[in-house]
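J.: Below is one structure. I have some questions about it.
The values are calculated or read from the model by the stated rules, or taken from the named source; none is laboratory data. Values in this document were obtained by computation on a predicted structure and should not be read as measured data. No Cβ is skipped: glycine too gets one built from the backbone with ideal geometry, and neighbour counts run over all protein chains shown.
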Amino acid sequence: MGVYLNIDVSEYWCPNEECSDYGKKGKGNVVLKEEYGKKEQRLFRCKTCGHCFSETRGTIFFNLVTPKEEVLRTLAMSANRRFAHLKIRDF
Ligand SMILES: [Zn+2]
């Protein structure tokens, strides 16, 4: 008890690209699952898709310069390649 109080889960978001809440902060879908390891890394779980991810992994995503653009690009690339470049150019 007490250790979890310093963690603001609203700063974390689901890294599962197939999740409907992927990349969205403050949705309330991310919950702290448990702490593990000697480095006190924390494990989070997305209630929307059930995906589990570590604090370290989340930090990597936070360090993206333009996360929104990366998300859009990832979505475009996973879509039909013929139209992907058109969508990116629109932005
Ligand atoms: Zn999710």
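J.: Within the bounds of region 61-73, is there any residue that is more than 13 Å from the ligand (Cβ to nearest atom), modelled with pLDDT of 75 or more, in contact with a strand residue (DSSP E or B) (Cβ under 8 Å, 6 or more places away or on another chain) and outside any loop (DSSP other than H, G, I, E, B)?
T.: No, the conditions are met nowhere in region 61-73.
J.: Would you please list the contacts, defined by Cβ atoms under 6 Å and residues six or more apart or on different chains, that run from a residue in region 10-21 that is charged (D, E, K, R) to a residue that is in a loop (DSSP other than H, G, I, E, B)?
T.: Cβ pairs passing all conditions: D21/K27; D21/N29; D21/T48.
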